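So the structure is just underneath, and the comments pick up after that.
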Amino acid sequence: MYGMPQEVAPDPSILLMSGYFFVGLGFLIAGAFFLGLITLPIFFFVLFLVEQVARLVSESTGGFTSKLVLIMFRGLRRSPLRTSLTYLALFVLTMVLAFIYSVLVFMDNVTKEKEANFKAIVTHRTMVPSQMPPGHYDRFKHLVLEGLPPEMRPVNGDKDIMSWAFVLGTTDKVNKKPDNAMFLLSTEPGKINTMMDWPDDLTADEKGMIDAAVAAMEMNKQAIVVSESRLKKLNVRVGQKIKLYGLNYPDLDFEFDIVGMLPAGKYEGLAFMNKAYLDQLIKAKPLDYSMRDKSVNLIWVRLPTKAAFERLNAMVEDPKNFPPPQIKMETASSGIGAWIEPIKDILYGLKWVMSPAMVAIMCLVIANAISIGVRERRTEMAVLKVLGFQPRHVLLLVLGEALLVCFLGGGMAAFLAWKLLGGFKFQIMFFGAFFVPMKALFYGPALGMAVSFAGCIGPALSAKNVKVAEVFAKVA
């Protein structure tokens, strides 16, 4: 996390998190297998339609290639159990890898530095979690808007600078538990639209929800906008009032009006509140109130270039510009990257250890299935050679059967992952959902065919080299 000291005690939470990830992976595999079973009839129906198209082409053209394709379909129908197992294996593999791929792509995007619209994060230099006095925010804004050269200042002025405060409260002062707790981001409402990271594919209705909520929060300091999942947990709805008792802000009682709901899958489980209301409650407390000088957790600023960031960073590092406590500034990508580094390590472990292991297992499954089929059909292949089929035709026949099954399996899994898991709700920091990229629609079938080729090339070469004389000698 931000400003974490170099020397820290061993943290068992990483092991627990790893366990949660692998349990989640197990549920994902089980769910993918169940989904594969449900879609199995659809797979055979699609296979039947493709066969009918191939039959029409064969009857109209009389070409040798089309007849070879028909023989390939006949081979698939001959052993529906083996075909089903091959399909299920590729379906599960593609579904799981599509999920891992979507999370990794998302992590790469949020930790990627951009030259334009450079976003930076300011935090306490050593304290975890970061806690800064409100005066630091005012000094920082003055430094950005007055201290930087005009060409390096934020394009939108004050609108490109915002502060956050994290507020944790509970609806039950006596029986505190996760189901009656709420985590709020306290900030300036007018900057929620411009400074927060919203997905590019928000619908017009979702954008309207956010705009209406922001407008209501600007008019009413006690207004909040809450995610759908948290509303359900608290058993409340938009339009109701709610009272929270501060946990990290002791002796603060919040009375909120729920004016809106966040779009599904973004900032899941969280809520936004007006910073002015938090400031008002703190000012009403005695001067020795413990959180009076700790009510700013983060400061965000969007700068036009990296050069502007470097210039501002040098000014922030100068002790004369800020009284204690000292603060630090880092790029948003490096700050978020440091926060999610343990999670990234786990995910990359899944990518470079678990995923190759799954691919290897699927290759063995396919190789075993195709090998059994080749051994069962040695006589048929010998007959084909007697009828004039070349060894390459037999090779293509075996490869074609496997590639077709795996192309359809990978394609269907990728499509369902993109359609059904497009908003997979999995909370990491403030990221409530991960979206399977459209590239998965290409990668799914390509992965299926690649794994299929790797698994069946050995049995296919074996089928290609079938000796007619040896086969008929054994039959005789």
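Please list Val214, Val53 in order of solvent-accessible area, largest first, computed with a 1.4 Å probe with all protein chains present.
Val53, Val214
Provide the solvent-accessible area of Glu401, counting protein heavy atoms only and rolling a 1.4 Å probe, rounded to the nearest 10 Å².
Glu401 exposes around 20 Å² with every protein chain in place.
Classify segment 243-329: rounded, prolate or oblate, from the alpha-carbon gyration tensor (a ≥ b ≥ c, eigenvalue square roots; a/c under 1.5 rounded; otherwise prolate if a/b is larger than b/c)? Don't skip to the answer; put the middle values down first.
On the way: a/c = 3.21, a/b = 1.36, b/c = 2.36.
Since a/c reaches 1.5 but b/c is at least a/b, the shape of segment 243-329 is classed as oblate.
Under 19 Å between alpha carbons, and skipping anything fewer than 8 positions from Lys233 in its own chain: which lysines qualify?
Qualifying lysines at Cα under 19 Å: Lys173, Lys176, Lys177, Lys241, Lys243, Lys266, Lys425.
Please give the per residue accessible area of segment 252-335, computed with a probe of 1.4 Å over protein heavy atoms only, in Å².
Here the per-residue accessible area is 39 Å².
Quick check: residue separation of Thr305 and Val23 times 0.36 nm, minus the Cα distance between them. What number comes out in nm? Don't jump to the answer; show the numbers that get you there.
On the way: separation 282, 0.36 × 282 = 101.52 nm, distance 4.26 nm.
That pair, Thr305 and Val23, stretches by 97.3 nm at full extension.
Restricting everything to alpha-carbon atoms, can you work out Rg to Rh for segment 358-419 with a Kirkwood hydrodynamic radius?
Reported Rg/Rh (Cα atoms, Kirkwood Rh): 1.11.
First compute the accessible area of segment 279-326 with a 1.4 Å probe, then give the percent of it belonging to carbon and sulfur atoms.
Values: 1390 of 2520 Å².
Percent of accessible area from carbon and sulfur atoms in segment 279-326: 55.
Please list Thr305, Thr86 from largest to smallest accessible area, probe radius 1.4 Å, with all protein chains kept in place.
Working: Thr305 50, Thr86 10 Å².
Putting Thr305, Thr86 in descending order of accessible area: Thr305, Thr86.
Please label the shape of segment 115-187 as rounded, prolate or oblate, based on the square roots a ≥ b ≥ c of the eigenvalues of the alpha-carbon gyration tensor (a/c under 1.5 means rounded; beyond that, a/b larger than b/c means prolate, else oblate).
Prolate shape, in that a/c is at least 1.5 and a/b is the bigger ratio.
For a quick protection proxy, order the peptides 321-329, 256-264, 296-304 by their average other-Cβ count within 10 Å, most packed first.
On the way: 321-329: 16.2, 256-264: 20.1, 296-304: 21.9.
My ranking of the peptides, most packed first, is 296-304, 256-264, 321-329.
Using only Cα atoms, what is the ratio of the radius of gyration of segment 219-288 to 2.2 N^0.38 Å?
Computed over Cα atoms of segment 219-288, the ratio equals 1.17.
Can you give the net charge of the other residues whose Cβ lies under 10 Å from the Cβ of Glu188, counting K and R as +1 and D and E as -1? Don't jump to the answer; show the numbers that get you there.
Numbers: positive: Lys159, Lys191, Lys275; negative: Asp158, Glu218.
Spelling it out: positives minus negatives among the neighbours equals +1.
Between Ala314 and Leu145, what is 0.36 nm times their sequence separation minus the Cα-Cα distance? Round to one decimal in nm.
59.3 nm
Would you calculate the convex hull of the Cα atoms in segment 44-170 and tell me its volume per residue in Å³?
288 Å³
Based on the alpha carbons, how large is the Rg to Rh ratio for segment 258-302 when Rh follows Kirkwood?
Value, to two decimals: 1.08.
How much net charge surrounds Gln326 when only the other residues with a Cβ under 10 Å from the Cβ of Gln326 are counted, with Lys and Arg +1 and Asp and Glu -1? Show your work: numbers first, answer last.
Details: positive: Arg125, Lys328; negative: Glu317.
The answer is +1.
For a quick size check, give me the Cα extents of segment 182-319 along its three principal axes, largest first, whole Å.
Each principal axis gives a Cα extent; for segment 182-319 these are 49, 46, 25 Å.
For the pair Thr194/Gln390, report the inter-label distance in nm, with labels modelled 7 Å from Cα in the Cβ direction.
6.9 nm
How much accessible surface area, in Å² rounded to 10, belongs to the heavy atoms of Tyr277 with a 1.4 Å probe?
Number for this one is 10 Å².
The values are calculated or read from the model by the stated rules, or taken from the named source; none is laboratory data. Given the structure is predicted, the values throughout are model-derived calculations rather than measurements. Cβ sites come from the backbone with ideal geometry, for glycine too, and all protein chains shown count toward neighbours. Side chains are part of the model used for accessible areas, which takes the heavy atoms of the whole protein and leaves out ligands, DNA and RNA. Shrake-Rupley method; radii C 1.70, N 1.55, O 1.52, S 1.80 Å.
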